[in-house]
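No value in this document is a laboratory result; all are computed from the given coordinates. Keep in mind that this is a model prediction, so the values were computed, not measured. Positions of Cβ are generated from backbone atoms using ideal geometry, with glycine treated the same way; all protein chains shown enter the neighbour counts.
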Amino acid sequence: MAEAFGVYVHWPFCLAKCPYCDFNSHVRHEKPDEARYARAIAQELAYVKPRTQAREVTSIFFGGGTPSLMQPATVQSVLDEIARHWTISKDAEITLEANPTSVEAERFRGYRAAGVNRVSLGVQALDDASLKSLGRMHTAQEALAAVEVARENFPGFHST
Ligand SMILES: C[S@@+](CC[C@H](N)C(=O)[O-])C[C@H]1O[C@@H](n2cnc3c(N)ncnc32)[C@H](O)[C@@H]1O
Ligand code: SF4
């Protein structure tokens, strides 16, 4: 059997920079050009391909930043590119990180349709004063509503 490996895809953009965050995440004044981003990821995948053996992809992780700002079509295009280079195993875990501020039911349905089967939702706290002091843009109530949307669309859902 081909040796398993995982693909990590970084989306470095956020609506706001949380003061505690050490990740490679940035706020842009204009919306990122998603078609350009998808082309850059496709180029990177093509660059990495010859350096790998014929392996099976068992895990794909869209991390950030805030990947829940991506259009589902962009997620789909990245997944298609990965599938063009390697075999994605039938039971691969395909995760997308989400911030409650950018959780929208329609986009979540789109991620699911694209092949995402797991989300990781950054709730942080269920207390409005704590959320405010952490610089979060969502309330506890909005976080709980986002949990519901995640639950409806993703059976293997967990929150951080
Ligand atoms: C990179 S974020 C991606 C999800 C989304 N951007 C959000 O904040 O909800 C994933 C998790 O990393 C956590 N995180 C950010 N900075 C951290 C730090 N310095 N130490 C530990 N966790 C951190 C966030 O709180 C969030 O729950
Ligand atoms: S939204 Fe997430 S990734 Fe962006 S700055 Fe806040 S913790 Fe970091």
All lysines inside 30 Å of LYS132 as judged from Cα atoms, apart from same-chain residues fewer than 8 positions distant
LYS17, LYS31
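Within the chain, which DSSP H helices have Cα atoms that stretch 15 Å or more along the helix axis and a mean Kyte-Doolittle hydropathy of at least -0.5?
The answer, listed by residue number, is 34-48, 72-85, 140-153.
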Starting from the Cα of THR87, move 7 Å in the Cα-to-Cβ direction to define the label point; list residues of the range 41-74 whose amide nitrogen is under 12 Å from there.
54-58
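Computed FRET efficiency, Cβ-Cβ of THR52 and HIS10, R0 22 Å: what is it to the nearest 0.05?
Values: r = 18 Å, r/R0 = 0.83.
The value I calculate is 0.75.
So what is the orientation-averaged projected area of the chain, using the convex hull of its C-alpha atoms, in nm²?
On the way: hull surface 38.4 nm².
The Cα convex hull of the chain, projected and averaged over all directions, gives 9.6 nm².
With r as the distance between the Cβ atoms of ALA145 and ALA113 and R0 = 22 Å, compute the FRET efficiency 1/(1 + (r/R0)^6) and round to 0.05.
Result of the calculation: an efficiency of 0.55.
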How big is the convex hull of the Cα atoms of the range 99-142, per residue, in Å³?
65
